[in-house]
1. So how do 93-102, 14-23, 114-123 stack up, highest first, on mean other-Cβ count within 10 Å?
2. Which value in nm describes the separation of the simple spin-label points at ALA99 and SER122, placed 7 Å from the Cα toward the beta carbon?
3. Go ahead and run the numbers for FRET between ILE68 and CYS35, Cβ-Cβ distance against an R0 of 25 Å, rounding to 0.05.
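Derivation of every value follows stated rules applied to the coordinates shown; laboratory data play no part. Just so it is clear, the model here is predicted, and its values are computed rather than measured. Neighbour counts are summed over all protein chains in view; Cβ atoms, including those assigned to glycine, are modelled from backbone coordinates with ideal geometry.
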Amino acid sequence: MVRLYYRDSLWSLVAGPTIWAVHFLFCYITAAIFCAKSADPVADFYVLKIAIGAATLIALIGIAVAGIQAVDDWRRALNAEWAVDENSLPIRRRFVGRAAFLLAGLSAVATIYVGMTVLFVSSCR
């Protein structure tokens, strides 16, 4: 399995939100450029819908990979031996894994909402 980040990195926390932010910017910048350059606002709107749909699918796949990796880190930390102090490495890994998984879920919902705009918008007007 290809990893998006190294295990002891804070990229696990921001992988999902970063993918969502890039997707958000791509969708709205692409739509703005398309509508600004288009002579007929209704003409090839389907091309824009396909591009945003494909970007949404790719972003959701990336967020799913980040979420799966977060669950993997979380489960490995659960199976590790616990240290006596409360600030041990397994406890921190468990927290980061759980938080990264929840952020990936939130990012997936946000990505779906951004991608749903192509279902409701039919022209550049």
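1. On the way: 93-102: 18.4, 14-23: 20.4, 114-123: 13.6.
Top to bottom by mean Cβ count within 10 Å: 14-23, 93-102, 114-123.
2. If labels sit at ALA99 and SER122, their model points lie 4.6 nm apart.
3. Working: r = 36 Å, r/R0 = 1.45.
My answer for the efficiency is 0.10.
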